[in-house]
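Below: one structure, written as structure tokens.
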Amino acid sequence: MNPLPPPISTFSIVGRCPRTNMLGVGVASKYLAVGAVCSHTRAGTGAISSQAYGNPYLGIDGLSLLGRGLDAPQVLKQVLQQDPGREKRQLIIIDHQGRTAAFTGSETDAWCGQVQGENYAAAGNILTGETVIQAMAAAFEQSTEEELAERLLRALEAGQQAGGDRRGRQAAHLQVVHTEAWKYVDLRVDEHPTPLIELRRIFELAKQELFPFRALYPTRSSAGQDWDLDEYDRLSSSIEG
């Protein structure tokens, strides 16, 4: 018999901004490169985190089903029906209209559970307690004036401050999509003693040195156009200055 993979003990959140229609996911864990396994997003479609004894196809297939027009609860039902190991899984889904679905299997390691609210769902397993998820929900709900990436990161930080993964800390990931197929935000800390502190540092740096250049990226509607090099030089000079 093949041994089970190590559980992806994670606290995570998926969310939507009703003002901008951005969708995103944030995850943190005592699991190397957790974002490479858990996080799934597609612009105009949805965001998913698949964790515990993880099955990445729940996220991959889930996005495909969302793209075909199914809502989050319908997708959750369908992907779980197709997974014989579903009782070992944990899954949260949000669709492009902000509808959510969440599942924690009966064989997921404690503490485990989830919460759903307006335009978000959060979940975790192998946590110090329920307060982790409660703190994440409160942080997201109390930051409605912020951009989605900031709200997701604050939720992760609140979850960590409330206890986080009871095994420790190792990795974190923040991913947001907007109107284009490319990722609007995609920042990962794969191995670090304080991954959320490091993710916050990188996020603040990206505000200055990465995000300003998004306005120069080609879009689907600007076929044939490329970077404005004069604007690139101006932005580069402002960063260097």
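Every number here is computed from the coordinates shown, using simple stated rules; none is lab data. This is a predicted model, so every value here is computed, not measured. No Cβ is skipped: glycine too gets one built from the backbone with ideal geometry, and neighbour counts run over all protein chains shown.
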* Structure fact -> In the chain, taking the dipole from +1 charges on Lys and Arg beta carbons and -1 charges on Asp and Glu beta carbons about the Cα centre, the listed residue (L174, V115, A149) farthest towards the positive end is V115
* Report the charge-dipole magnitude of the chain in Debye, nearest 20, computed about the Cα centre from +1 at each Lys and Arg Cβ and -1 at each Asp and Glu Cβ. => 700
* Have a look at S143, S39, S49 and tell me which one the Gaussian network model of the chain (Cα, springs below 10 Å) gives the largest fluctuation. => S143
* **GNM result for the chain, Cα springs below 10 Å: residue of I93, I48, I202 fluctuating most strongly** => I202
* R0 of 35 Å, Cβ-Cβ distance E107-L205: FRET efficiency to nearest 0.05 -> 0.30
* Separation between Cα centres of the stretch 20-42 and the stretch 43-77, rounded to whole Å -> 13
* **Gain on full stretching of the segment that runs from T144 to R167 - 0.36 nm per residue minus C-alpha separation** => 5.2 nm
* Over every pair of different alpha-carbon atoms in the stretch 54-115, take the mean of 1/r and invert it; report that Kirkwood radius in Å. => 11.7
* Asked: With the Cα gyration tensor of the stretch 96-155 giving a ≥ b ≥ c as the square roots of its eigenvalues, does the rule (a/c under 1.5 for rounded; else a/b larger than b/c for prolate; else oblate) give rounded, prolate or oblate?
  -> oblate
* Take T128, project a point 7 Å from its Cα along the Cβ direction, then tell me which residues of the stretch 143-163 have their backbone nitrogen under 17 Å from it. => 155-163
* To do: Per DSSP H run of at least 4 residues, take -39500 (n - 2.57); add these up for the chain, divide by its residues and hand me the 222 nm value, nearest 500 deg cm²/dmol.
  => -10000 deg cm²/dmol
* To do: Pop out the ³J(HN,Hα) list for the stretch 47-58 in order, Karplus 6.51 cos²θ - 1.76 cosθ + 1.60 with θ = phi - 60°, rounded to Hz; leave Gly and Pro as x.
  => 9, 9, 10, 10, 8, 6, 7, x, 10, x, 5, 5
* **For G46, residues with placed amide H under 5 Å, excluding near neighbours** => none
* To do: Jot down the radius of gyration and Dmax of the stretch 10-209, Cα atoms only, both in angstrom.
  => 14.9, 46
